1. Quick one: which residue in Ala5, Ala26, Ala19, Ala55 is modelled with pLDDT of 90 or more and surrounded by 11 or more Cβ atoms within 10 Å (Cβ to Cβ)?
2. All but one of (1) surrounded by fewer than 19 Cβ atoms within 10 Å (Cβ to Cβ); (2) under 20 Å from Phe4 (Cα atoms) hold for Ala105, so report the exception by its number.
3. For the range 12-36, what are the residues that are part of a helix (DSSP H, G or I) and either more than 16 Å from Leu82 (Cβ to Cβ) or in contact with a Ser or Thr (Cβ under 6 Å, 6 or more places away or on another chain) (or both)?
4. Taking Asp100 as meeting all but one of (1) at pLDDT 90 or above; (2) on the phi > 0 side of the Ramachandran plot; (3) not basic (Lys, Arg), write down the number of the exception.
5. Would you check which residues across the range 58-95 are out of contact with any helix residue (DSSP H, G or I) (no Cβ under 6 Å at 6 or more places or on another chain), at pLDDT 90 or above and of a type in the set (Asp, Glu) and list them?
6. Condition first: within 17 Å of the chain's Cα centre (by Cα) and outside any helix (DSSP H, G or I). Now tell me which residues in the range 37-61 satisfy that.
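The values are calculated or read from the model by the stated rules, or taken from the named source; none is laboratory data. Just so we're clear, the structure is a prediction, and the values are computed from it rather than from any experiment. Every residue, glycine among them, receives a Cβ derived from its backbone with ideal geometry; neighbour counts consider all protein chains shown.
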Amino acid sequence: MDPFAEALRLKRKALVQAAEQVMGEAFKKVDPKSKDRPVHKAQLSHLVGVCNEAACAEEIALYIRYQASRGKGDGGVWDPVLARDVIAKAEGAMIDLPTDEAKVAAWRLYAVYLARTFTYLDKAASYRSAPRDAQGLRPDHAAGGQLAPGAAQRRDQNPPHRRDGFQPKGGRR
């Protein structure tokens, strides 16, 4: 196996853990009821694009620092603390990669892992802030696994569909 590919393969777990840790810390400070986030999905998508075009790891770190330095009115939404932590975690996980090419490839993976972790935590935060009745069907643990009150009513409003997309006809034929 190619030594470059092997070194990168061995870093995947560390990169996932770094992404989850840095985003987890950032979301601890987020009010779930607010739409304010330390970064937005679009900025993480832009980061993935920058990683795909970068020639060196320093270029990626510079991009993140630049985005954090821009004010919210300038289109910047990277929290400076998050930006610093994202760069530090990445550099820590990639410290022993042998080449710039390997570090850029690791940044590509890391950026994708950051975006995936953000998506999950953002959804989890909005789920926690939603009123219990708005969360849809959920088990009522006190009732032995039955549907929560009101859940059956919502289910009955949407009759089941057949696989072919047609509404089932009443009665047997």
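1. After applying the criteria, what remains is Ala19.
2. Condition (1) is where Ala105 drops out.
3. Arg12, Lys13, Ala14, Leu15, Val16, Gln17, Ala19, Glu20, Met23
4. Asp100 satisfies every listed condition except (2).
5. Glu58, Glu59, Glu91
6. Correct list: Arg37, Pro38, Val39, His40.
Okay, residues lined up against (1) closer than 21 Å to Asp36 by Cα; (2) acidic (Asp, Glu):
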{"site": "Gly49", "(1), (2)": "no, no"}
{"site": "Ala57", "(1), (2)": "no, no"}
{"site": "Val77", "(1), (2)": "yes, no"}
{"site": "Asp85", "(1), (2)": "yes, yes"}
{"site": "Ala88", "(1), (2)": "no, no"}
{"site": "Met94", "(1), (2)": "no, no"}
{"site": "Pro98", "(1), (2)": "no, no"}
{"site": "Ala102", "(1), (2)": "no, no"}
{"site": "Leu109", "(1), (2)": "no, no"}
